[in-house]
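Bear in mind these aren't lab numbers, they're just calculated from the coordinates by the rules spelled out. A quick note: this is a predicted structure, and the numbers were derived from the prediction, not measured. Here Cβ is always computed from backbone atoms with ideal geometry, including for glycine, and neighbour counts include all displayed protein chains.
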Amino acid sequence: MGTRRILMCPPDYYGIEYEINPWMSRSRQADPEAARRQWESLFDLLQGRLGLRISLLAPMKGLPDLVFTANAGLVRRGTFIPSHFRHPERRGESPVFRGWFEEEGYEIRSLPRNLYFEGEGDVLRVGGDLFAGYRIRSDIRTHAGVGEILEERVLSLELTDPRFYHLDTCFCPLAEDAAAYYPPAFDPYARRVIEAHVPRRVEVSPEEAMRFACNAVVAERKAVINTGCENLKTTLRGMGYEVWETDLSEFIKAGGAAKCLVLFLD
Ligand code: ARG
């Protein structure tokens, strides 16, 4: 597959300025210096160990969640499908993300304006299928549009637990035929869809799901994961992965960890 490119955004203006998921509380602020150190450690691992090529988006004052580039939209072979955020608090990010993709020469393909869609936070690939989460953030009716634009099959998965509000908080592609996931975050039918379409499944425990174990960044046979996810780390190593852990506590205060801070560009 060669070297994959990702988009990240430094945490210069990151903070907990509003509450749009159960993890966020304005009374539990992120420490700016710790956040900066954690983001830089993640950056170094992704670049140095996973060998990813990292493009940077300039941070902007007043957009504290811009660091979560996974929610910019969805990218596939030069096409960018922009997000439409459910919460007004994040909508100011859209023109910034869009501007970056326009400048980089991507073809912009928008979904119907009346529907919510939160990008790669809710759409992940396993093998030949796109898996897409809905209900808490993205609308299920965006899935058909995504499938048409990208000419791919999209399997819809209903999310049921507000703590696991994006697909990438409870589902982590590992290989063409494998994914880690936290079954209780899905409705029973979604669990059956996963069982039917993902041959090798790793179930994550409640404790590790709460530590964002499923929000790992995986590239080829290498993974970066939040600290305190010992079981998943051991399982992945047993499957032949190299695994690095890094503390992302300051970002979990906003409801995000490693994968949320990354958008795959190819
Ligand atoms: N505070 C952000 C929100 O609630 C966190 C986004 C995390 N991103 C992700 N891909 N899960 O929208």
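Things to note:
- The chain - charge dipole about Cα centre, Lys and Arg +1 at Cβ, Asp and Glu -1, debye rounded to 20: 140
- Where no second cysteine Cβ lies under 4.7 Å, the cysteines concerned in the chain: CYS9, CYS170, CYS229, CYS260
- Considering only segment 181-259, percent of DSSP beta bridges that pair antiparallel, nearest 5: 35
- Backbone phi angles across segment 51-58, fed through the Karplus curve with coefficients 6.51, -1.76 and 1.60 (θ = phi - 60°), yield HN-Hα couplings of x, 7, 8, 10, 9, 10, 9, 5 Hz in residue order; Gly and Pro are listed as x.
- Restriction of the trypsin sites (Lys or Arg not before Pro) in segment 193-266 to DSSP coil positions whose beta-carbon has at most 15 other beta-carbons within 10 angstrom yields ARG221.
- Filtered GluC sites (Glu not before Pro), segment 101-200: DSSP coil and at most 14 other beta carbons within 10 Å: GLU104, GLU151, GLU152, GLU176
- Per-residue Karplus couplings for segment 220-230, computed as 6.51 cos²θ - 1.76 cosθ + 1.60 with θ equal to phi - 60°, are listed in order as 6, 9, 10, 9, 10, 9, 4, 5, x, 10, 4 Hz, Gly and Pro entered as x.
- Under the simplified labelling scheme, the ARG91-GLU207 pair shows an inter-label distance of 4.3 nm, with each label point 7 Å from Cα along Cα→Cβ.
- Summing charges over neighbours of VAL262, with a neighbour being any other residue whose Cβ is under 11 Å away from its Cβ, gives +1 when K and R count +1 and D and E count -1.
- Dipole of segment 1-156 [Lys/Arg +1, Asp/Glu -1 at C-beta], most positive-end residue of LEU50, GLN29, PHE131: PHE131
- Rounded to the nearest 500, the helix-only mean residue ellipticity at 222 nm of the chain stands at -6500 deg cm²/dmol, with each DSSP H run of n ≥ 4 adding -39,500 (n - 2.57).
- Amide hydrogen proximity for LEU157: with H placed 1.01 Å from N in the peptide plane, the residues at 5 or more positions away or on another chain lying under 5 Å are ALA132, GLY133, TYR134.
- Length gained when the stretch ASN231-GLU195 is fully extended (0.36 nm per residue, less Cα-Cα span): 10.9 nm
- Of PRO199, TYR18, PHE117, farthest towards positive along the dipole that unit charges on Lys, Arg, Asp, Glu beta carbons give the chain: PRO199
- Neighbour counting of Cβ atoms within 10 Å sorts the residues MET210, MET60, fewest neighbours leading, into MET60, MET210.
- Of all DSSP beta bridges confined to the chain, the antiparallel ones make up roughly 50%.
- Estimated FRET transfer efficiency (GLU33, ASP161; beta-carbon r; R0 35 Å; 0.05): 0.65
- Whether segment 112-217 is rounded, prolate or oblate, judged on the alpha carbon gyration tensor where a/c under 1.5 counts as rounded: oblate
- When +1 charges are put on Lys and Arg Cβ atoms and -1 charges on Asp and Glu Cβ atoms, the dipole computed for segment 133-266 relative to its Cα centre reaches about 200 debye.
- Take the Cβ atoms of SER25 and ASP266, set R0 to 30 Å, and the FRET efficiency comes out at 0.25.
- Projected label points at LYS61 and ASP187, each 7 Å from Cα along the beta carbon direction, are separated by 4.4 nanometres.
- Listed from fewest to most Cβ neighbours within 10 Å, the set ASP266, ASP65, ASP139, ASP122 follows the order ASP266, ASP139, ASP65, ASP122.
- Applying both filters, DSSP loop and at most 13 other Cβ atoms within 10 Å, to the trypsin sites (Lys or Arg not before Pro) of segment 73-113 gives ARG77, ARG113.
- The slack in the chain from ASP44 to ILE140, taken as 0.36 nm per residue of separation less the alpha-carbon distance, amounts to 31.0 nm.
- A Cβ-based charge dipole, computed about the Cα centre of segment 1-129 with Lys and Arg at +1 and Asp and Glu at -1, lands at about 280 debye.
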